[in-house]
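What follows is a set of notes on a single structure, which appears directly below.
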Amino acid sequence: MGSASASSLPASAGAGENLVLILDFGSQYTHLITRRVRQLGVLSLCVSGTAPLASLAGLRPRAVVLSGGPHSVHASGAPTFPEGFLEFAAGAGAHVLGVCYGMQLLVQSLGGAVEAGEKQEYGKMEVEVTARSSALYGEGEVGKRQTVWMSHGDEVVRLPEGFEVVARSVQGAVAAVENREKRFYGLQYHPEVTHSPQGMETLRRFLFDVCGIKADWKMQDVLDEEIRTIQSMVGPDEHVICALSGGVDSTVAATLVHKAIGDRLHCVFVDNGLLRYNERERVMLTFESDLHLPVTCVDASEQFLSKLKGVKDPEMKRKIIGREFIAVFDDFAHKLEQKIGKRPGYLVQGTLYPDVIESCPPPGSGRTHSHTIKSHHNVGGLPKDMKLKLIEPLKLLFKDEVRKLGSILNVPESFLKRHPFPGPGLAVRVLGDVTEGNALEVLRQVDEIFVQAIKDAGLYDIIWQAFAVFLPVQTVGVQGDQRTHSNAVALRAITSEDGMTADWYYFEREFLVDVVNKICNNVRGVNRVVQDITQKPPATVEWE
């Protein structure tokens, strides 16, 4: 887990705004805190907890949340906020809330004591409010209990001067602390997860009652701010290329940039040979008839597939695809230069906040580069000598926020509800060499049957993402009274809010029976279908 750099903060996050900074110390839930705050109508931004203090210069956040993390405050190399941070927060008049590891870090930094707990607390746990008057829980809550999500081995054993325990776990561990005078607060549990049912109410109380923040962050403001940013970045006679993938992200990004600079935007849709069934025809029709975006379609399938031949490593496939995309865009820019007499200087990409977060180094890892879950096509596959400068207007937004932005921009609802599709396309859904045999064609047919069945059953909008995976495995079967030795495919359907965490979708038995029959009866070369029922984590959404 990583975080956005402070240099990527928008102007709207500047002094005077109702800004909440989330300092990331490596918790898998950090992005959830960011989302929960935004859901309450407050701008929140996630930055590395170990970022230099100078990178926060000019920001005067109304609140700072110190995230949880997988570390012990006693461990060698455990992440900590930069020297002078607490003075910076005090000077900004900010309230500081430590969550889990963040609370322990705050307590230890202020002279308290944290030790390994006699009883480690993981999972659901009850906590009891112990203070008659509490900023985090309100008046008259003493003695009341609530279920929360714990995840800690260390515990606070001595408080710094001026602190008060306001809640304890049923095992007696410190669960919440306050120093109202100094504006320091701490929760040993995670209020941001759904396993803490009253956690959102605690966050709401902290933001609005304790910090006095106003819920004034709106998607219209994001749109206006991004348009101003693009117009100031791109000169009045400069041109921009937009790489359209046919997905929601790049389409919304293109529509936004088009609104900012008009016909100086030139869109290109690349058929890389890794698209879904009839994707090229369907997408181009939508661009022309519904979105009215000027798009040039480039067929580069042979170029991509020839470079991917024999390549089995997932990271290598992503890097190759990223390089070839940029090569296509450079070639497109050269031809455009001959046409309009000026070389475009910018490339638009629909990079989202989760892409940035998952591709950054985890705090406390000791690495200057990410121990990546996987490099994202948008942010991880770009060559260092790329000639085009990047415009990424969505890089601080989550997927649901992009859809809200698209709605404001009048992108058709049917298009906004499309399931996400990975930048590298079917290359990450054909395990191993994508050019081997007829794997791509088989996968296209299976995927089309699966997704169409989901649409026919009225489940498409309920499911976050559904797709098929081609497995490099051949299994024995019986088809038409004959022994077969054919391919196996996997079906994956998930529910999620933002793709950062996900659960598998439970289909009725009749649905699965029907889909499997259709696949095995209509797709030559497939005799076995399995379903992926793994959550994220531990798995990622895509198989590669």
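The values are calculated or read from the model by the stated rules, or taken from the named source; none is laboratory data. Bear in mind the structure is a predicted one, so any value in this text is a computation, not a measurement. Every residue, glycine as well, gets a Cβ built from its backbone with ideal geometry; the counts of neighbours run over all protein chains shown. The accessibility values were calculated without ligands, DNA or RNA, using every heavy atom of the protein model including side chains. Shrake-Rupley method; radii C 1.70, N 1.55, O 1.52, S 1.80 Å.
Computed quantities for the displayed model
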item	result
Sequence-distant residues sharing a close amide H with Ile391 (under 5 Å, placed H)	Leu347, Val348, Gln349
Listed residues Leu405, Leu305 arranged by accessible area, highest first, probe 1.4 Å	Leu305, Leu405
Tail fraction, Cα-Cα pairs, region 257-344, threshold 18 Å, whole percent	54
Cα centre as origin, Lys/Arg/Asp/Glu Cβ charges: the chain dipole, Debye	400
Accessible surface of the chain [probe 1.4 Å, protein heavy atoms]: carbon and sulfur percent	48
Under the Karplus curve 6.51 cos²θ - 1.76 cosθ + 1.60, θ = phi - 60°, whole-Hz ³J(HN,Hα) for region 516-532, x wherever Gly or Pro sits	4, 4, 4, 5, 5, 7, 10, 10, 5, x, 10, 10, 8, 10, 10, 10, 7
Under the Karplus curve 6.51 cos²θ - 1.76 cosθ + 1.60, θ = phi - 60°, whole-Hz ³J(HN,Hα) for region 336-348, x wherever Gly or Pro sits	5, 4, 5, 7, 9, x, 8, 7, x, x, 10, 10, 8
Dipole magnitude of region 124-177 about its Cα centre (Cβ charges: Lys, Arg +1; Asp, Glu -1), debye to nearest 20	160
Restraint check, Lys218/Lys404; Lys218/Lys536; Lys124/Lys399; Lys399/Lys536; Lys417/Lys455, Cα-Cα greater than 20 Å	Lys218/Lys536; Lys124/Lys399
Probe 1.4 Å, all protein chains present, accessible-area order of Thr251, Thr475, largest first	Thr475, Thr251
Hits among lysines - C-alpha to C-alpha of Lys317 under 21 Å, sequence gap 8 or more where chains match	Lys307, Lys309, Lys374, Lys384
Value at 222 nm in deg cm²/dmol, rounded to 500, when DSSP H runs of n ≥ 4 in the chain each add -39,500 (n - 2.57)	-9000 deg cm²/dmol
Average Cα contact separation per residue, the chain, under 8 Å, 6 or more apart, as relative contact order %	11
Sorted peptide list for 97-107, 58-68, criterion being average Cβ within 10 angstrom, highest first	97-107, 58-68
Accessible area expressed per residue, the chain, with surrounding protein chains retained (probe 1.4 Å, Å²)	43
Most positive-pole-ward Cα, Gly140, Val114, Phe470, against dipole of the chain from beta carbon charges	Phe470
Residue-level accessible surface for Glu302, protein heavy atoms, 1.4 Å, Å²	150
Length-normalised contact order of region 233-286 in % [C-alpha pairs under 8 Å, at least 6 apart]	37
With all protein chains modelled, accessible area of Cys297 [1.4 Å, Å²]	50
Prolate/oblate/rounded call for region 131-183, Cα gyration tensor, a/c under 1.5 rounded	oblate
Magnitude of the charge dipole, region 19-159, Cβ model with Lys/Arg +1 and Asp/Glu -1, debye to 20	520
Relative contact order of region 438-531, pairs being alpha-carbon contacts under 8 Å that are 6 or more residues apart, as %	31
Counting DSSP beta bridges with both ends in the chain, the antiparallel % (nearest 5)	50
Computed accessible area, Asp216, all protein chains, 1.4 angstrom probe, square angstrom	60
Selected from Pro79, Tyr506, Ser289, residue furthest toward positive end of dipole (the chain; charges at beta carbon)	Ser289
Radius of gyration and Dmax over the Cα atoms of region 438-531, both given in Å	13.8, 46
Sequence-distant residues sharing a close amide H with Val65 (under 5 Å, placed H)	Leu21, Ile22, Leu23, Leu97
Amide H within-cut-off set for Arg158, under 5 Å, with H built and near neighbours excluded	Ala113
Candidate lysines - alpha carbon under 22 Å from Lys389, same-chain residues fewer than 8 apart omitted	Lys259, Lys319, Lys335, Lys339, Lys342
Fraction of the pair-distance distribution of region 20-210 above 30 Å, Cα-Cα pairs, percent	10
Degrees separating the helix 30-39 axis from the principal Cα axis of the chain, which is the longest one	90
For region 296-302, 3J(HN,Hα) per residue [Karplus equation, 6.51 cos²θ - 1.76 cosθ + 1.60, θ = phi - 60°, Hz, x = Gly/Pro]	9, 9, 10, 8, 10, 4, 5
Positive-end extreme of charge dipole, the chain - chosen from Val298, Gln28, Phe206 (charges on Cβ)	Val298
Candidate residues Arg282, Arg158: accessible-area rank, largest first, probe 1.4 Å	Arg158, Arg282
Spatial separation of Cα centroids for region 277-326 and region 485-538, in angstrom	25
Candidate aspartates and glutamates - alpha carbon under 13 Å from Lys182, same-chain residues fewer than 8 apart omitted	Glu87, Glu161, Glu164
